[in-house]
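Below is one structure, written out as structure tokens; comments come after it.
The values are calculated or read from the model by the stated rules, or taken from the named source; none is laboratory data. This is a predicted model, so every value here is computed, not measured. Backbone-built Cβ (ideal geometry, glycine too); neighbour counts: all protein chains shown.
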Amino acid sequence: MQINRATVSVVIPTWNRAHCISDCINSVLNQTVSADEIIVVDDGSTDNTWEILLKFEKKGIIPIWQRNSGVSVARNAGILRAKSGWVAFLDSDDCWLPDRLEVFHRDIESCSEDVGVHISNALICDSMYRLEAFKIRDYKFPQGIATKVPDPCELAITGVFTPTAVVKADWIERVGGFNTKMTIFEDLLFFTQLSLLGPWLMVGDIVVEIVRLNRDVDALSNQAITQAAYSAQQMVYLCEELLKSENLSRHHQIIFANRYSGALLHLAKVQVSNGHVKESRRTLLKAAMSHSNRCIGLIKSVIPLVFGVQGFNFILQKKESFRRIN
């Protein structure tokens with residue numbers, strides 16, 4: 001019996017990436033298994049990115065221009081234009097390896113389960129290092145054969161690198177696409193919401209090189225570090241949105257409540273560092289009451305109240321995690 005091949009639309013948002021957008025697009029054009037369509041959304045670039053995109057039209061690229069509205073609006077515009085059953089994401093400063101789509105088709109066409117997300121490994125690169133995304137996240141998924149993850153919530157909430165993902169179009173519709181109120185962590189919310197819909201496929205094959213440049217102030221991946229207060233507020237908002245999700249299991253409620261409490265602790269630390277002591281205390285009280293275990297929540301909030309910044313540092317300490325800039 002003939003099995004219908006999965007169709008894939010590639011969505012690439014871009015802004016002021018004239019210096020690298022050609023490499024990005026060519027990495028998609030040079031796939032061993034071709035994409036069904038390639039959509040590039042220019043989010044109001046002020047350099048000559050748009051002129052470069054127009055030159056790619058003769059190669060089948062679909063360019064879309066919009067006024068500068070942010071990456072979430074740009075991705076959603078590409079998703080809206082997409083006609084395929086699956087949507088693959090790529091950022092305009094990154095490049096796929098030639099077998100990126102071949103790996104997806106190999107896995108999805110040999111899977112009898114109704115999965116909605118396929119996640120592969122990536123190589124994170126800058127001038128000083130080359131690190132595997134799965135090693136950063138401490139994922140243990142093998143190469144060559146995909147692993148079905150029935151409940152991917154705890155994987156998703158640690159953070160998915162968007163260029164490693166291919167997602168069913170109807171699943172994207174079910175979660176409403178990317179949240180346009182967010183300019184950072186929008187991908188974290190998107191993938192965590194997707195994790196509530198059903199199983200994912202995870203595979204250790206490296207399919208993309210993700211570039212991180214320390215001095216690139218325009219890169220979205222750097223904004224969470226350079227804008228501490230805004231970053232903390234966005235994470236609180238993200239957790240609030242997750243807690244609004246319908247039909248949450250008790251397990252997921254606990255995960256999101258504890259993440260929310262932790263996000264409030266981070267916000268309280270930023271507030272006290274900026275001299276807003278009273279506001280920080282109110283946030284600490286909210287963090288205590290939000291934790292799934294009130295005793296643990298109270299302990300975590302009282303220690304910063306007594307010991308100040310040192311207390312925050314003690315409570316919020318964790319394993320050294322990957323940072324995208326030094």
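If only one of 192, 158, 183, 164 is of a type in the set (Val, Ile, Thr), in contact (Cβ under 8 Å) with a residue 12 or more places away in the chain, surrounded by 23 or more Cβ atoms within 10 Å (Cβ to Cβ) and out of contact with any strand residue (DSSP E or B) (no Cβ under 6 Å at 6 or more places or on another chain), which one is it?
192
Out of segment 224-260, which residues are more than 24 Å from residue 298 (Cα to Cα), modelled with pLDDT of 95 or more and not hydroxyl-bearing (Ser, Thr, Tyr)?
248
Filter segment 77-95 down to residues that are over 24 Å from residue 175 (Cβ atoms) and of a type outside the set (D, E, K, R), then give me how many there are.
Number of matching residues: 1.
Residue check: is residue 92 part of a helix (DSSP H, G or I) and either in contact with a helix residue (DSSP H, G or I) (Cβ under 6 Å, 6 or more places away or on another chain) or surrounded by 16 or more Cβ atoms within 10 Å (Cβ to Cβ) (or both)?
no
Identify all residues within segment 59-89 that are in a strand (DSSP E or B) and either in contact (Cβ under 8 Å) with a residue 60 or more places away in the chain or closer than 17 Å to residue 191 by Cβ (or both); write none if there are none.
Listed by number, the residues that qualify are 86, 87, 88, 89.
Here are some conditions: (1) on the phi < 0 side of the Ramachandran plot; (2) modelled with pLDDT of 95 or more; (3) buried (at least 16 other Cβ atoms within 10 Å of the Cβ). Residue 221 meets all but one. Which one does it not meet?
Failed condition: (2).
Output the number of the condition that residue 104 fails; it satisfies all remaining conditions of (1) of a type outside the set (A, V, I, L, M); (2) part of a loop (DSSP other than H, G, I, E, B); (3) modelled with pLDDT of 95 or more.
(2)
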